[in-house]
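Engineer: The structure follows.
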Ligand SMILES: C[S@@+](CC[C@H](N)C(=O)[O-])C[C@H]1O[C@@H](n2cnc3c(N)ncnc32)[C@H](O)[C@@H]1O
């Protein structure tokens, strides 16, 4: 099956099995759904970040990137790269609202790319320390420049190097791992390895956010394994972003798939 049809099928399956906030009994999950999916508030940061994205999309320069699939360096058009690999506007706003809701003291991002997700995370919680890891030197540099243009550089660091080398020292350098956004190297083994490493530095309230868990069979398997993990007590899947929690206060392990209420308007009644 082509990637397009795989993702279309994956989305339809998700949609058919999803609830809206009106079917939720947990106040915590209800608040999450309200905040992440239903909050319509607009912030100036959205405009500023999207202006930076628009400039990159309009640019005709090439940028050297490391392809972690092949291990080779290659030049890609910046506009193409941003279109292909950056968080979408919708995901960006979800990241902003998540950071804004949890107000984590420390955040970690795996995969900065051009810094779109990094900027949304930081803008959502300005007091947070944010460490973002990126394998390509040139992309790390670009993300730093974009953070500076957006005025979001204070308390934000972009570290260049393969996760295999940078993740462990990064985790050791953080006082607490309050929030982690895993958005790089979309392969099952790697995702699970990063998850396990982060888990050993996590505390009860750590928020785990994953991107692209419905992207491929491999990533779907990774998500099932994360959901089944002994330490996981709750997962909340918004399709574009998937969240996992280890807080033992969630006594009975539960998994939620949630869509905005207007997508299933009949479920309001
Ligand atoms: C999907 S992009 C990140 C998008 C970004 N988080 C956003 O929200 O716009 C994934 C990034 O992870 C980086 N990456 C992939 N595998 C990596 C690895 N093993 N070590 C370091 N960086 C890696 C890639 O270079 C790429 O820039």
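The values are calculated or read from the model by the stated rules, or taken from the named source; none is laboratory data. Not measured: the values here are computed from a predicted model. Cβ: placed from backbone, ideal geometry, glycine included. Neighbour counts: every protein chain shown.
Engineer: Pairs only if they're at least six apart or on different chains, beta carbon under 8 angstrom, first in the range 76-87 and under 14 Å from residue 112 (Cβ atoms), second part of a helix (DSSP H, G or I) and more than 8 Å from the ligand (Cβ to nearest atom); list them, first residue then second.
Structural biologist: So the pair list comes out as 82/53; 82/56; 82/57; 86/53.
Engineer: Further, regarding this structure: Would you check if there is a residue in the range 71-78 being closer than 16 Å to residue 147 by Cα and in contact with a helix residue (DSSP H, G or I) (Cβ under 6 Å, 6 or more places away or on another chain)?
Structural biologist: At the first step, the residues of the range 71-78 found to be closer than 16 Å to residue 147 by Cα are none.
Checked against the condition, which is being closer than 16 Å to residue 147 by Cα and in contact with a helix residue (DSSP H, G or I) (Cβ under 6 Å, 6 or more places away or on another chain), the range 71-78 yields no hits at all.
Engineer: For the structure I just gave you, tell me whether residue 188 is surrounded by fewer than 22 Cβ atoms within 10 Å (Cβ to Cβ) and over 22 Å from residue 118 (Cβ atoms).
Structural biologist: Values: surrounded by fewer than 22 Cβ atoms within 10 Å (Cβ to Cβ): yes; over 22 Å from residue 118 (Cβ atoms): yes.
For residue 188, the condition - surrounded by fewer than 22 Cβ atoms within 10 Å (Cβ to Cβ) and over 22 Å from residue 118 (Cβ atoms) - is met.
Engineer: Against the definition (near the ligand (Cβ under 9 Å from one of its atoms) and not in a strand (DSSP E or B)), how does residue 101 come out, yes or no?
Structural biologist: No, not satisfied.
Engineer: Please specify each residue of the range 179-192 satisfying the condition of being within 13 Å of the ligand (Cβ to nearest atom), modelled with pLDDT of 95 or more and under 21 Å from residue 106 (Cα atoms). Lay out the reasoning, then the answer.
Structural biologist: So in the range 179-192, the residues within 13 Å of the ligand (Cβ to nearest atom) come out as 180-187, 189-191.
Within this subset, residues satisfying the condition of being modelled with pLDDT of 95 or more are 180-183, 189-191.
Matches in the range 179-192: 180, 181, 182, 183, 191.
Engineer: Still on this structure, please answer the following. Hey, any hits in the range 149-158 for a residue that's farther than 23 Å from residue 215 by Cβ, touching a residue at least 24 places away in the same chain (Cβ under 8 Å) and crowded, with 23+ Cβ neighbours inside 10 Å?
Structural biologist: Yes.
Engineer: Something else: Hey, can you tell me all the residues within the range 104-127 that are outside any helix (DSSP H, G or I) and more than 9 Å from the ligand (Cβ to nearest atom)? Even if it seems obvious, please write down each step before you answer.
Structural biologist: In the first step, residues of the range 104-127 are kept if they are outside any helix (DSSP H, G or I); the result is 104-115, 125-127.
Matches in the range 104-127: 104, 105, 106, 107, 108, 125, 126, 127.
Engineer: Right, something else. Among the numbered criteria (1) away from the ligand (no atom under 16 Å from the Cβ); (2) closer than 13 Å to residue 14 by Cα; (3) in a strand (DSSP E or B), which single criterion is violated by residue 242?
Structural biologist: With (1) away from the ligand (no atom under 16 Å from the Cβ); (2) closer than 13 Å to residue 14 by Cα; (3) in a strand (DSSP E or B) applied to residue 242, the lone miss is (1).
Engineer: Something else now. If you check every pair at least six apart or on different chains, which have Cβ atoms under 7 Å apart with a residue in the range 94-117 that is in contact (Cβ under 8 Å) with a residue 24 or more places away in the chain and closer than 15 Å to residue 211 by Cβ first and a residue that is part of a helix (DSSP H, G or I) and near the ligand (Cβ under 6 Å from one of its atoms) second?
Structural biologist: 95/117; 109/117; 110/163; 112/139; 113/85; 113/139; 114/139
Engineer: Please work out which residue is surrounded by the most Cβ atoms within 10 Å (Cβ to Cβ), limiting yourself to the range 52-92 and to residues that are within 26 Å of residue 238 (Cβ to Cβ) and away from the ligand (no atom under 12 Å from the Cβ).
Structural biologist: The first filter runs over the range 52-92 and keeps only residues within 26 Å of residue 238 (Cβ to Cβ), leaving 52-54, 56-57, 68, 81-92.
Then keep just the ones that are away from the ligand (no atom under 12 Å from the Cβ); that gives 54, 57.
Values: 54: 11, 57: 15.
Per the criteria, the residue is 57.
Engineer: Give the residue that is farthest from residue 150 (Cα to Cα), with candidates limited to residues of the range 21-47 that are over 21 Å from the mean Cα position of the chain (by Cα) and not in a helix (DSSP H, G or I).
Structural biologist: 25
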